[in-house]
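Notes for the one structure printed next.
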Amino acid sequence: MKKLFAAAITAVLTAGLLLTGCSGGKQTSSTTDDSWDKIKKKGEFVVGLDDAFPPMGFKDKDGTIVGFDIDLAKEAAKRMGVNVKFQPVNWDTVTLELKNKNIDLIWNGMTITEKRKQEINFTKPYIEDKQILVVAKGASIKGKADLSGKKVGLQSGSSSKEALEKDKATLSSIKEVVEFPNNNDVLMALKMGSVEAAVVDEVVGRYYIAKDSDSFVVLEDHFGLEEFGVGIRKEDTAFLNELQKTLDEMKKDGTSAEISKKWFGADIVK
């Protein structure tokens, strides 16, 4: 009897295990990423940005947020059948804002770094950029070697800071690194003489310099090439795939190139 009972129990357990194994697909589907479905249901995605980062994203004279990344995001949202909302955030905490779900994307000339890749995912790179060294016109500084004993300005929490920190020889020679909330403040401080040089993203630096070419000079020395990507939560793979598909289509049909020419005068899309 005990043997029969034990055999029956074994049969039941075996059947249960087989059913569990067969239902593996169903279990996986219950935990399938539904991030894109949630965005569609919400009807919009929220883009976090530093709204003082021209020409990527900034406020015009009427207070409207405009820029290269803004136009890209609007076109992508339109093709994806949802709206887009732009939410200015403190760049120092932008990754935390994303993780806390206060925003859905970081779309603002964000440099793809190994450190950031540990915390969030990115689309494929869409622009290649570098950190340039800018000085006031007429300055004696001609390159990195001349930064010894000088005060250098950059944006707090930016890839400019990371790039400078990687160049340990140059960093150790600098008298002081002064951090500012945004690149506009960095270049204003340079113009006013509060700092003697600035490290900024090339895209934003050249935008400002084109507007005030009598005040600034871009030096040949720079702090390495980097790539921009759209930042997204690690778990939002379905949303990432949908967005990447849309960006690929925009590049293929020339829409991204047209937006680039509007803001940069040339197609710089990677």
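Each value in this text was obtained by applying a stated rule to the coordinates, not by laboratory testing. Keep in mind that what you see is a predicted model, and the values were worked out from it rather than measured. No Cβ is skipped: glycine too gets one built from the backbone with ideal geometry, and neighbour counts run over all protein chains shown.
Some points to look at:
- For segment 130-225, the alpha-carbon radius of gyration amounts to 0.93 times the rule-of-thumb value 2.2 N^0.38 Å expected for a compact globular protein.
- Interatomic Cα distance distribution for segment 224-270, bins of 10 angstrom, percent: 23, 43, 29, 4
- Restricting attention to the chain, close to 60% of DSSP beta bridges with both partner residues there are antiparallel.
- Of every Cα-Cα pair in segment 62-208, the percent that sits beyond 23 Å: 42 percent
- Segment Val177-Asp34, extension gain: residue separation times 0.36 nm, minus the distance between their alpha carbons: 47.1 nm
- The trypsin sites (Lys or Arg not before Pro) of segment 123-206 that DSSP puts in a loop, and whose beta carbon has at most 14 other beta carbons within 10 Å, are Lys137, Lys142, Lys175.
- Restricting segment 50-84 to trypsin sites (Lys or Arg not before Pro) in coil, as DSSP defines it, with at most 14 other Cβ within 10 Å: Lys61
- Highest GNM mean-square fluctuation among Val230, Val200, Val217, for the chain modelled with Cα contacts below 10 Å: Val217.
- Among the listed pairs Lys175/Lys261; Lys191/Lys251; Lys38/Lys251, a Cα-Cα separation exceeding 31 Å is found for Lys175/Lys261; Lys191/Lys251.
- Placing +1 on the Cβ of every Lys and Arg and -1 on the Cβ of every Asp and Glu, with nothing else charged, gives segment 130-225 a dipole about its Cα centre of roughly 140 debye.
- Percentage, to the nearest whole number, of Cα pairs in the chain over 33 Å apart: 33 percent
- Gain on full extension, evaluated as 0.36 nm per residue between Lys142 and Thr113 minus their Cα-Cα distance, stands at 7.6 nm.
- Of Thr111, Thr93, Thr246, the one that fluctuates the most in a GNM where the chain has Cα springs shorter than 10 Å: Thr93
- Additional length obtainable on full extension of the chain from Asn102 to Leu225, 0.36 nm per residue less Cα span: 41.2 nm
- Whole-angstrom gap from segment 218-270 to segment 87-160, using each part's C-alpha centre: 16 Å
- The calculated FRET efficiency for Lys262 paired with Thr93, based on their beta-carbon distance and R0 = 30 Å, is about 0.45.
- Dividing the summed helix terms, -39500 (n - 2.57) for each DSSP H run of n ≥ 4, by the number of residues in the chain produces a 222 nm estimate of -13000 deg cm²/dmol to the nearest 500.
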